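The values are calculated or read from the model by the stated rules, or taken from the named source; none is laboratory data. Just so it is clear, the model here is predicted, and its values are computed rather than measured. Every residue, glycine as well, gets a Cβ built from its backbone with ideal geometry; the counts of neighbours run over all protein chains shown. With ligands, DNA and RNA removed, areas are computed over all heavy atoms of the protein, side chains included. Shrake-Rupley method; radii C 1.70, N 1.55, O 1.52, S 1.80 Å.
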Amino acid sequence: MNEHAVVIAGGGPTGLMLAGELALSEIDVVIVERRATQVVDGSRAGGLHSRTIEVLDQRGIAERFLAAGHVAQVVIDISDFPTRHNYGLALWQSHFEPILAGWVDELGVPILRGSEVRGCAQDDDGVDVELSDDSSLRAQYLVGCDGGRSLVRRAAGIDFPGLDPSTSWMIAEAEMTDEPDVGPRREGGGIGPVNRAEGGGPYRVVLREQQVDDTDQPTLHDLSAALVAAYGTDFGVHSATWISRFTDMTRQAASYRRGRVLLAGDAAHVHPPQGGQGLNIGVQDAVNLGWKLAQVVNGTSPASLLDTYHAERHPVGARALRHTMAQVALTTPDERHQALRDTMTELLSMDEPRRRTAAMLSGLDIHYDLGDGHPLLGRRMPDLDLQTTDGPTRVFTLLHDARPVLLTFGEPRGFDISPWCGRVRPVDARPDGRFELPVLGEVAAPEAVLIRPDGYVAWAGDLSDPDLPPALTRWFGAAASP
Ligand SMILES: Cc1cc2nc3c(=O)[nH]c(=O)nc-3n(C[C@H](O)[C@H](O)[C@H](O)COP(=O)(O)OP(=O)(O)OC[C@H]3O[C@@H](n4cnc5c(N)ncnc54)[C@H](O)[C@@H]3O)c2cc1C
């Protein structure tokens, strides 16, 4: 039986990101992936929100994605937000995954392709993972990144409460002989635009269906009938490259961890794609979990650190679920909902509601509850330009290797970091620019900040603060004895 520190079931966006994070911490990790290649069936997710671009920037790989997509103001304008990435990135999942897989490959993570996790059983010391070829793997931890129908979730006995579907949509990519209407159209049941896919390509169609209980794979005939129902014509639809369905089923795992089994991405939360959140929060789940799991595996931190993963990410998932439920309700094709849509449009034209909603959708307002303290505590560290004795740099560059940083602004007198040396990197710098957060605005510059590998602030204040040593121990393990 092959042994690994961590086995990841599923090499979609979440599993790949998690593997990269673990590999940066030199953890022995393997991905088991059902698909034989990284090819994505259909286009699925259409892009990245600002915070996801930021977390990729924190690892020094954002440029790869930016070069492959189109920068745009998606859904709501965020061009006035204090971030280098004050936009969204239009990039199909089918393009996103191979780029991310390329990075994971450079980091040397093995991927068992064409292989499936069939079951798992955990004991006090580890997890046995059964594979489809009747072999098995032994791991200290198993992470289910195996999508909405997660076998790992079911095998671990983790509940998945939520709402059954109330609405179903057909989604397709196909050619059309006649020029179709492009743009939103709600009457007759069509909710979504018919759009041209990136770079010309086939048309992308999203149509609300009349019933929700049709679980068969839809055909070209079904697509034609749905177009006729919505538009009165099927525009001569032909040569479909992809036809599928999705629903507004909305569920969330009751716990993101059971012992040595963890869940991330769609395995932990499913919701309809309105608002474009799923891939984004999955990637950010992975970035929250990766460094914590690495520290537990390498003995720096106790296993209880993993409970902060559920405590921090479950509320973020729950908020996305609530938001997408509201979005689905808004798409209901009748006059009362049209009135509601008009009201929302009016609200979002006002500055404060726009900023709050945009900060939530972009992921820039995430605030982990780490207690009372400086406004930066539990929030993403802004990517300030810095002057150091080694020359100019910026905050995100300091995070490329996924290690924590104690960043001091001025001589770090009076605090001895040596008990955490080798784990936490001390950097002294002069910041260029103000400490500005989306929605909150400018906050007072602290004397120092302790930045976690995921880019969130674990502590901020002055170096004589008695909360600093407990914060270092809580997040990065007990002080080493002299
Ligand atoms: C039509 C549509 C549009 C969407 N639009 C957006 C959008 O605009 N923005 C956005 O952020 N999200 C969007 N999403 C959601 C997004 O596609 C998902 O949230 C994202 O793919 C989740 O990533 P994941 O890695 O968690 O799961 P998945 O992408 O589902 O990956 C799971 C992986 O696990 C593998 N697997 C499954 N079971 C096993 C097993 N037993 N053993 C081994 N491997 C296994 C699968 O082959 C797959 O590769 C959309 C989804 C759909 C359907």
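Computed quantities for the displayed model
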{"read-out": "DSSP bridge pairs, the chain: antiparallel proportion in percent, nearest 5", "value": "70 percent"}
{"read-out": "Accessible-area order (highest first, 1.4 angstrom probe) of the listed residues R474, R313, R355", "value": "R474, R355, R313"}
{"read-out": "Percent antiparallel among DSSP beta bridges (both partners in the stretch 7-111, rounded to 5)", "value": "55 percent"}
{"read-out": "Order of exposure, largest accessible area first, which applies to Y87, Y203 with probe 1.4 Å", "value": "Y87, Y203"}
{"read-out": "Cut-off under 5 Å, modelled amide H: who pairs with A240 long-range", "value": "E175"}
{"read-out": "Nearest-ten-degree value, helix 335-348 long axis tilted from longest Cα axis of the chain", "value": "30 degrees"}
{"read-out": "Under-5 Å amide H pairs with R35, H placed in peptide plane, nonlocal only", "value": "G114"}
{"read-out": "Crossing angle, helix 220-231 versus the chain [Cα axis fit, 0-90 degrees, rounded to tens]", "value": "80 degrees"}
{"read-out": "In Hz, Karplus ³J(HN,Hα) per residue of the stretch 146-157 (6.51, -1.76, 1.60; θ = phi - 60°; x = Gly, Pro)", "value": "9, x, x, 8, 2, 6, 4, 4, 5, 5, 7, x"}
{"read-out": "Charged-residue dipole, Cβ positions (Lys, Arg, Asp, Glu), the chain about Cα centre, Debye nearest 20", "value": "400 debye"}
{"read-out": "Centre separation in Å (Cα based) which lies between the stretch 396-413 and the stretch 287-325", "value": "22 Å"}
{"read-out": "Rounded percent of accessible protein surface that carbon and sulfur make up, the stretch 272-324, 1.4 Å probe", "value": "61 percent"}
{"read-out": "Simple Cβ-charge dipole of the stretch 44-154, Lys/Arg +1 and Asp/Glu -1, about Cα centre, in debye nearest 20", "value": "400 debye"}
{"read-out": "Segment T473-D181, extension gain: residue separation times 0.36 nm, minus the distance between their alpha carbons", "value": "99.2 nm"}
{"read-out": "Rg/Rh (Cα only; Kirkwood hydrodynamic radius) as it applies to the stretch 53-111", "value": "1.03"}
{"read-out": "For R425, residues with placed amide H under 5 Å, excluding near neighbours", "value": "V405, L406"}
{"read-out": "Cα-based Rg of the chain normalised by 2.2 N^0.38 Å, two decimals", "value": "1.02"}
{"read-out": "Fraction in percent of alpha-carbon pairs per bin - 5 Å, the stretch 1-68", "value": "3, 13, 20, 23, 21, 13, 4, 2, 0"}
{"read-out": "V39 paired with D416, simple spin-label distance in nm, labels 7 Å along Cα-to-beta-carbon", "value": "6.2 nm"}
{"read-out": "Degrees between helix 351-362 axis and first principal axis of the chain (Cα, 0 to 90, nearest 10)", "value": "80 degrees"}
{"read-out": "Square roots of five times the Cα gyration tensor eigenvalues for the stretch 213-356, Å", "value": "38, 23, 12"}
{"read-out": "Rounded accessible area per residue of the chain, 1.4 Å, Å²", "value": "42 Å²"}
{"read-out": "Net charge contributed by nearby residues that have their C-beta within less than 15 Å of Q277 (K/R +1, D/E -1)", "value": "+2"}
{"read-out": "Dipole of the stretch 66-163, positive direction: furthest Cα of V117, V75, L137, with charges on the beta-carbon", "value": "V75"}
{"read-out": "Hz values of 3J(HN,Hα) by residue in the stretch 382-387 - Karplus curve (6.51, -1.76, 1.60), Gly and Pro given as x", "value": "x, 7, 6, 6, 10, 10"}
{"read-out": "Heavy atoms of L305 accessible to a 1.4 Å probe, total area in Å² rounded to 10", "value": "10 Å²"}
{"read-out": "Label-point separation, E346 to A90 (7 Å along Cα→Cβ), nm", "value": "3.1 nm"}
{"read-out": "Projected label distance in nm at R113 and Q211, using a 7 Å step from Cα toward the beta-carbon", "value": "4.0 nm"}
{"read-out": "Residue-by-residue Karplus 3J(HN,Hα) for the stretch 261-267, coefficients 6.51, -1.76, 1.60, Hz, glycine and proline x", "value": "10, 10, 10, 8, x, 4, 4"}
